[in-house]
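**Q** Below are the structure tokens for one structure; questions will follow.
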Amino acid sequence: MSSVVTSFICEGVNFNYIKQSSFKSERVSVSMFVPLEKQNASKNSVLFFLLSKSCLKYPDFTSFNKKLSNLYGMVLSSDVGKLGEVQVLTLQADFFDSRYALNNESISQEASELLCETLFKPKFSSKEVFWDDDFAQEKDQLIQLIDSEYNDKKHYSLIRCFEIMCENEKFSIGRFGSREDVLAVEKSDIIDSWNSLLSKARIEINMTGNSDPKNVLNLFKNNFKNIKRENIYKCETKITKKAKEVKYFQEKQEINQAKLVMGFRTKFAFPDNFFATIVMNTVFGATSNSKLFLNVREKMSLCYYCSSYYEKNKGIMVVQSGIKRENIDKTKEEVLKQFEKMKNGEFTEEDINTAKLNLKGSLFSIYDSINRINDFFLVQSLQEKKYSPETFFLELKKVNKSQIIGAAKVVTLDTIYTLVPES
Amino acid sequence: MELTQIKSNRLEDSYFIGVHESGLKVYIYPKTTHSSFAILGTKFGSINTKFIDVETSKEVCVPDGIAHYLEHKLFENEDGDSFKKFAKTGAFANAYTSFDVTAYLFSCTENFFESLDILLDFTQKPYFTDKSVEKERGIIAQEIKMYDDDPSWKVENNLLLAMYHKHPVRINIAGNVESILRITPQMLYDCYKNFYNLNNMTLCITGNVNKDDVVDIIEKKIKVTSAVKPKIIFPEEPDEILKNRIEQKFDLAIPSFKLGFKEHVGKNDLSFEKIVFSDLILEVFASKSSKLYRKLLDENLINSSFDFDFFEGPGYASTVFSGESKNPDKVGDIIREEVLKFKEDGIKKDDFERAKKTIYADYVSFLDSCKKTADLLFHFSLNNRDYFSCMELAASAKLEDVEKRLKEILNPDKSSLSIVSPLK
């Protein structure tokens, strides 16, 4: 299996190369890690979306995109995510492997240069270039993106549960900040954010594909030469180990199906003692062989989906289901009843093995997708100890029944959120 | 069963096709991946609600959503739930029903042949009882309700309602809460008998597999039965659209739209040239480097969700633009106006050359995923289309041929706009 070759670029900046020759496309991405803060989340987000739309060399949106499509439809995109209470800002180039180019073009070099142009020489880096329209447009686009999260009721109810559950914790801050914060972003904020991120953020540059990484690495080294890197941000996530009392919260909307979201504190989060919690969550509700699927869906026919998900970066487990309004209590009781069984050890060795087999399949197939390879290693960027999919699985394999029971016993119910039809 | 190798010199890659004596089409695409993927599909989707029964020769009309219901129930055999069996091999199993097909699939990193065995087994052993069919009603009703709350699903459904008068593509894939109440075990058996004949099915396998081992297990597992060719009845569909605008209110924050341009489709499916050329035309007309995109963006009418697609199947085809917008009607007006200008001006040479590169690279990059590869081969098998030829065609298309195709599509008189908008 492939491994990661890491090169040091400068203080807090690493270049990671994962050779994968089976793909017909390649990716170079730059990810920045900063503490999730209300006053900065929206500024950083607007900045990153702005970066992926143009650069000083191609200041016009259309000419920039013509350049991209000429490079076999290269995609330059931004993504903003949350790793616990850390905001992760990514700018990435996805491009076609030169081996299959029609006219022997070298795509990787040009694509990486273009990525560097957008990051290190954006339009606003020159005082002479007008970028007011770009700025206004990007703010508006981000507000629309935040609004569209309301349209997806499953996603919306999950976000609301997190917000209520972690009311006084950084985790309740949205990955893009809030609508109001975006509206308040000013042009000068963008330049400030850009400068401070380039000099203070933890940065991981990942390259996955078949091309020689040497030129790409040198390209980044040269670009970072002129940047003074100091006072690198410390990124940490505070874990609430136990719920105080159960919070209930209900909202109404003009919808057909009620959504039930139950948030639990698991005590353990990545990277400490979390392997047993992963296996416990899988047996409980993460597969079609789990207690939730077999009972809430198959036996009681209450829903189409009822599953649990372990947000390992924050140490939270959530159960989600879409049901008839009148079945909310029944479903809630059944979920808790099934969880009691986890605590009492009412599951078999076979259940554990099936869960582990499932986790193994999921881990070992990571190398077949550029996205998943990147995600797997990105999540570990801030940790000292690094796992490969194989070593990660070895840890899961060691988990035994009493450890699973132990992981279940320390779980506490924190919040029950329901979204129900108006009438 | 003999296999024929289909090669691409450009990609230095190949796949194999064969037809088993049962009539089952087999596609095998070996890859140097860690996982493998198998999909077994039949040409039976939500649009197949009327047919001539192979035994009685009588016309049969089944409730809306039955193909999807059958998909749910086929997993249950007399000896238990196949999902559970898959879980024990470590495979991830799933299934889907679309307008024209139903497919059963799994992916895995080990025990591939045990899982393939399960797949070939449960799909050949239908077992429906009153109790098991009854149990599923609550589950599927909640699945339908979930989609009823999904504006992106509704906007598409409504577009088809506006564009099509009679074609069953208008019908919700899962049916509705009332139609599924009428489904009985006997109806499921009837549909199975007519459509789950191996002559009507394809098995596609991609990933880390040896083709000879696959052939061995197929020879062992597949039962040869008498060939049945289902006779499907489709109503005559007019070329005109039914309505040019349809709107539904939802509890949401930003409106979504789909603008569809209906195309005439005769008895035969569209040729793959027509599909590839449509992709090229759309890339020139509406991608981020186009005049249209710029205009919509500058007027603040679209966001990053803007997309376009060529949608086709038995008896239906349309070009669809979609996205979120504060003013979907204005987007509709602009696209309709720009289409006319575009058709008048024709396609510029340099735009065309860029589009060829992009579409060619798109087609090739799909092969990065075992799942997508298997899915594509399955869909291509329905009309005996070859994927590599498609890819080559995108790379070598001639401008004059694509311009001819442009004359056939994107007629504003045959376009419908579907909008879902906020309550307030």
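The values are calculated or read from the model by the stated rules, or taken from the named source; none is laboratory data. Since the structure is predicted, the reported quantities are computational estimates derived from the model, not experimental observations. Using ideal geometry, Cβ is built from the backbone for each residue, glycine included, and neighbour counts are taken over all protein chains shown.
**Q** For residue A:182, indicate whether it is part of a helix (DSSP H, G or I), away from every other protein chain (no Cβ under 13 Å) and either over 25 Å from the mean Cα position of the chain (by Cα) or within 30 Å of residue B:423 (Cα to Cα) (or both).
**A** yes
**Q** Please state which one of A:39, A:92, A:87 is under 26 Å from the mean Cα position of the chain (by Cα), more than 13 Å from chain B (Cβ to nearest Cβ) and at pLDDT below 95.
**A** Of the residues listed, the single one that is under 26 Å from the mean Cα position of the chain (by Cα), more than 13 Å from chain B (Cβ to nearest Cβ) and at pLDDT below 95 is A:39.
**Q** Could you grab the pairs with beta carbons closer than 6 Å, sequence gap of 6+ or different chains, first residue in region A:35-50 and surrounded by 24 or more Cβ atoms within 10 Å (Cβ to Cβ), second one in a helix (DSSP H, G or I) and aromatic (Phe, Trp, Tyr)?
**A** Going by the 6 Å Cβ cut-off, the qualifying pairs are A:47/A:194.
**Q** Which one of A:345, A:322 is of a type in the set (Gly, Ala, Ser) and within 8 Å of chain B (Cβ to nearest Cβ)?
**A** A:322
**Q** For residue B:230, which of the numbered conditions (1) touching a helix residue (DSSP H, G or I) at 6+ places or on another chain (Cβ under 9 Å); (2) surrounded by 13 or more Cβ atoms within 10 Å (Cβ to Cβ); (3) modelled with pLDDT of 90 or more fails to hold?
**A** Unmet condition: (3).
**Q** Do the conditions hold for residue B:361, that is, is it assigned to a helix (DSSP H, G or I), buried (at least 19 other Cβ atoms within 10 Å of the Cβ) and either of a type in the set (A, V, I, L, M) or touching a Lys or Arg at 6+ places or on another chain (Cβ under 7 Å) (or both)?
**A** Judged against the criteria, residue B:361 is a match.
**Q** Looking at residue A:130, is it assigned to a loop (DSSP other than H, G, I, E, B), without any contact (Cβ under 8 Å) to a residue 24 or more places away in the chain and among the aromatic types (Phe, Trp, Tyr)?
**A** So residue A:130 passes the test.
**Q** Confirm whether residue A:33 is within 13 Å of chain B (Cβ to nearest Cβ) and of a type outside the set (Ser, Thr, Tyr).
**A** no
**Q** Something else about it: Only residues that are of a type in the set (Val, Ile, Thr), over 30 Å from residue B:252 (Cβ atoms) and more than 14 Å from chain B (Cβ to nearest Cβ): list them for region A:254-311, please.
**A** A:266, A:277, A:278, A:279
**Q** Considering only region A:254-287, state which residues are more than 24 Å from the chain's Cα centre (by Cα), surrounded by fewer than 20 Cβ atoms within 10 Å (Cβ to Cβ) and of a type in the set (S, T, N, Q).
**A** Answer for region A:254-287, where residues must be more than 24 Å from the chain's Cα centre (by Cα), surrounded by fewer than 20 Cβ atoms within 10 Å (Cβ to Cβ) and of a type in the set (S, T, N, Q): just A:256.
**Q** Right, something else. Filter region A:340-360 down to residues that are aliphatic (A, V, I, L, M) and out of contact with any Leu (no Cβ under 6 Å at 6 or more places or on another chain) and give me whichever is farthest from residue A:277 (Cα to Cα).
**A** Among those residues, the one meeting the criterion is A:357.
**Q** Return yes when residue B:423 is closer than 24 Å to residue B:267 by Cβ and either hydroxyl-bearing (Ser, Thr, Tyr) or in contact (Cβ under 8 Å) with a residue 60 or more places away in the chain (or both) and no when it is not.
**A** No, not satisfied.
**Q** Out of region B:130-165, which residues are hydrophobic (A, V, I, L, M, F, W, C), touching a strand residue (DSSP E or B) at 6+ places or on another chain (Cβ under 9 Å) and more than 11 Å from every other protein chain (Cβ to nearest Cβ)?
**A** Answer for region B:130-165, where residues must be hydrophobic (A, V, I, L, M, F, W, C), touching a strand residue (DSSP E or B) at 6+ places or on another chain (Cβ under 9 Å) and more than 11 Å from every other protein chain (Cβ to nearest Cβ): B:159, B:160, B:161, B:162, B:163.
**Q** Residue by residue through region B:98-114, note down the ones that are in a strand (DSSP E or B) and either away from every other protein chain (no Cβ under 14 Å) or aromatic (Phe, Trp, Tyr) (or both).
**A** Across region B:98-114, the qualifying residues are B:102, B:103, B:104, B:106.
**Q** Ok, one more. Could you please find all residues in region B:276-306 being surrounded by fewer than 19 Cβ atoms within 10 Å (Cβ to Cβ) and touching a strand residue (DSSP E or B) at 6+ places or on another chain (Cβ under 6 Å)?
**A** Across region B:276-306, the qualifying residue is only B:305.
**Q** Please find, within region A:10-30, the residue that is farthest from the other protein chains (Cβ to nearest Cβ) out of those that are of a type in the set (A, V, I, L, M, F, W, C) and closer than 14 Å to residue A:208 by Cβ.
**A** The extreme case among them is A:15.
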